[in-house]
Amino acid sequence: MNRSPKRAILLVLAAVAGCSSSSPKPTRHTSVLDTLPPERRDAALLGREVFRLVDKAADYRGSHLGHPPTELRLMGVESLAPLVVRRIRVVNDSSVVTVAFRQPAGRRVTSCQGNAQVLEEASLSGGTFTVLCTTPAGTDAKYEVPAP
């Protein structure tokens with residue numbers, strides 16, 4: 001019986017020794033966004049948030065007798081996030097969502113917007129959709145955003 005505790009300790013030490021750091025560390029998975037040029041990466045980052053909010057607005061509308069949300073708060077969304085500021089407005093009985101960087105300095109795109117059209121386009125094109133974005137110079141450009 002004296003050998004059992006010693007044997008248990010030796011088994012634990014062997015198991016710990018087998019867990020050395022010589023095994024390869026997991027590699028960091030690269031995102032589709034990491035491979036895009038800076039301008040498209042900014043547009044994709046904002047565009048994906050536009051898509052998410054437009055989807056929430058469509059859900060809200062479906063559960064409120066066709067009435068679109070007039071405030072983000074109604075959908076349970078804060079207007080300020082650490083990286084972006086979000087806005088929603090109703091145009092011709094349809095929700096239009098705008099997402100802008102809080103710190104636009106150094107960004108190639110400062111804000112993007114979209115409406116329910118992005119949901120339709122994404123469902124028809126395998127997930128990609130187009131958003132209208134504004135550059136720091138104030139010009140508007142359309143960007144194709146990869147599927148989230």
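The values are calculated or read from the model by the stated rules, or taken from the named source; none is laboratory data. Since the model is a prediction, treat every value here as computed from it, not as a measurement. As a convention, Cβ positions derive from the backbone with ideal geometry for all residues, glycine included, and neighbour counts pool all protein chains shown.
Kindly evaluate S111 against the criterion of being surrounded by 18 or more Cβ atoms within 10 Å (Cβ to Cβ) and at pLDDT 95 or above.
Details: surrounded by 18 or more Cβ atoms within 10 Å (Cβ to Cβ): yes; at pLDDT 95 or above: yes.
When the stated conditions are applied, S111 passes them.
Look at region 46-85 and say how many of its residues are outside any loop (DSSP other than H, G, I, E, B) and either polar (S, T, N, Q) or closer than 23 Å to S123 by Cβ (or both).
Within region 46-85, the subset outside any loop (DSSP other than H, G, I, E, B) is 46-63, 72-75, 80, 84-85.
Narrowing the set further to residues that are either polar (S, T, N, Q) or closer than 23 Å to S123 by Cβ (or both) leaves 46-63, 75.
Residues meeting the conditions: 19.
Regarding V99, is this residue surrounded by 11 or more Cβ atoms within 10 Å (Cβ to Cβ), under 17 Å from the mean Cα position of the chain (by Cα) and assigned to a loop (DSSP other than H, G, I, E, B)? Spell out how you get there, then give the answer.
Numbers: surrounded by 11 or more Cβ atoms within 10 Å (Cβ to Cβ): yes; under 17 Å from the mean Cα position of the chain (by Cα): yes; assigned to a loop (DSSP other than H, G, I, E, B): no.
In short, no.
Working only within region 114-125, note down all residues that are hydrophobic (A, V, I, L, M, F, W, C) and either touching a residue at least 12 places away in the same chain (Cβ under 8 Å) or crowded, with 18+ Cβ neighbours inside 10 Å (or both).
The first filter runs over region 114-125 and keeps only residues hydrophobic (A, V, I, L, M, F, W, C), leaving 116, 118-119, 122, 124.
Across region 114-125, the qualifying residues are A116, V118, L119, A122.
Please go through region 102-121 and pick out each residue that is assigned to a helix (DSSP H, G or I) and in contact with an Asp or Glu (Cβ under 9 Å, 6 or more places away or on another chain).
Let us first name the residues in region 102-121 that are assigned to a helix (DSSP H, G or I), namely 117-121.
Of everything in region 102-121, those that are assigned to a helix (DSSP H, G or I) and in contact with an Asp or Glu (Cβ under 9 Å, 6 or more places away or on another chain) turn out to be V118, L119.
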